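A quick write-up on the structure given underneath.
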Amino acid sequence: MGIEKIATLGFYTSWNISRRFLFACNAGDYFSQQIQIVVLIMKKQRILVGLFVIFASLYFNCGAIFYTIELWPDGKIPYTISKNFSVYDKMFIEGCIGEWEKNTNIDFQYYYGNSESLYVLHIRKNKNENELSSSAVVGYCFESMIILGVLSRPVILHELGHVIGLLHEHQRPDRDKYIKVLYKNIEPSAYFCFEKRPADEFLYDYTKFPYDYYSIMHYYESSFSKNGKPAIYAPDFVGHIGNTEISPIDILKVNEIYGKPKLKK
């Protein structure tokens, strides 16, 4: 059974257990057509679906993780970085972490305790060296994790955005006013990455912010294209969709969630 079938089975299994269900595929894997799956379900239903999810993750290496979307207490995110990264790679990741800490109340704190502690973000390499895909969990949760298949600044910033609590910009409920998703050009197994999400799944009031074509959380025009043609089309926008940097509106959203940062003395 392939990853696509596992994903489909996981969808129906999760849906039957809880209607409060959300898929968030890898945040910024713009360089691979493979998909890492992140499954979000209510905390009370962890164990039942968890057995299936863990099996799928280990056996098929599809990176399935499940949890409840919550805020990190006081904006503090303890984290570890796998020893499998070189010193240079760790410095590169730390630099990306610092970008999110600028102008926000987010405080990433390196964790020196038990590396298997539950409420700690673990940044790891994709075990399959031939896999370029990356994935992350959204918000505060047990065994929070980022799996990196490629050491790319936009990808790391994007995955960190998910960890902080941001969902994809192109999954806003009102996105049809701004973009057209061309499913005919998208890998079928990636459809759920483009589905609109209900308003109550966003940790901020998206209606307070203009649609952000330049968000680090927005897919590129060709993300997950199966034929090289655009997956996303913006009829009233001139320029490239997506970004390699955190946008000013991304910062405003994080401040909406965690509060405005205090002036540093």
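Going by the conditions given, is LEU118 modelled with pLDDT under 95, within 18 Å of the chain's Cα centre (by Cα) and in a loop (DSSP other than H, G, I, E, B)? Criteria not met by LEU118.
Just one of the listed residues (SER144, SER189, SER135, SER215) is modelled with pLDDT of 95 or more and in contact with a helix residue (DSSP H, G or I) (Cβ under 8 Å, 6 or more places away or on another chain), namely SER215. Return yes when ILE249 is in a helix (DSSP H, G or I) and either in contact (Cβ under 8 Å) with a residue 24 or more places away in the chain or polar (S, T, N, Q) (or both) and no when it is not. Against the criterion (in a helix (DSSP H, G or I) and either in contact (Cβ under 8 Å) with a residue 24 or more places away in the chain or polar (S, T, N, Q) (or both)), ILE249 qualifies. Has region 69-92 got any residue that is modelled with pLDDT under 80, closer than 26 Å to ASP250 by Cβ and surrounded by 15 or more Cβ atoms within 10 Å (Cβ to Cβ)? So far as region 69-92 goes, yes, one or more of its residues are modelled with pLDDT under 80, closer than 26 Å to ASP250 by Cβ and surrounded by 15 or more Cβ atoms within 10 Å (Cβ to Cβ). With respect to being over 30 Å from TYR79 (Cα atoms), hydroxyl-bearing (Ser, Thr, Tyr) and assigned to a loop (DSSP other than H, G, I, E, B), TYR204 falls outside the description. Is it the case that some residue within region 226-234 is surrounded by fewer than 16 Cβ atoms within 10 Å (Cβ to Cβ) and closer than 20 Å to LEU167 by Cβ? So far as region 226-234 goes, no, none of its residues is surrounded by fewer than 16 Cβ atoms within 10 Å (Cβ to Cβ) and closer than 20 Å to LEU167 by Cβ.
Only a single item in (1) farther than 30 Å from ASN255 by Cβ; (2) without any contact (Cβ under 8 Å) to a residue 40 or more places away in the chain; (3) not charged (D, E, K, R) is not met by TYR214, and it is number (1). Of the residues making up region 158-178, those that are part of a helix (DSSP H, G or I) and more than 10 Å from the chain's Cα centre (by Cα) are GLU169, HIS170, GLN171, ARG175, ASP176, LYS177.
From the list SER144, SER152, the lone residue that is out of contact with any Asp or Glu (no Cβ under 8 Å at 6 or more places or on another chain), surrounded by fewer than 24 Cβ atoms within 10 Å (Cβ to Cβ), among the hydroxyl-bearing types (Ser, Thr, Tyr) and in the same structural domain as PRO78 (by TED's automatic domain parsing) is SER152.
The values are calculated or read from the model by the stated rules, or taken from the named source; none is laboratory data. Just so we're clear, the structure is a prediction, and the values are computed from it rather than from any experiment. When we count neighbours, we look across all protein chains shown, and the Cβ atoms used for this are built from the backbone with ideal geometry, even at glycine.
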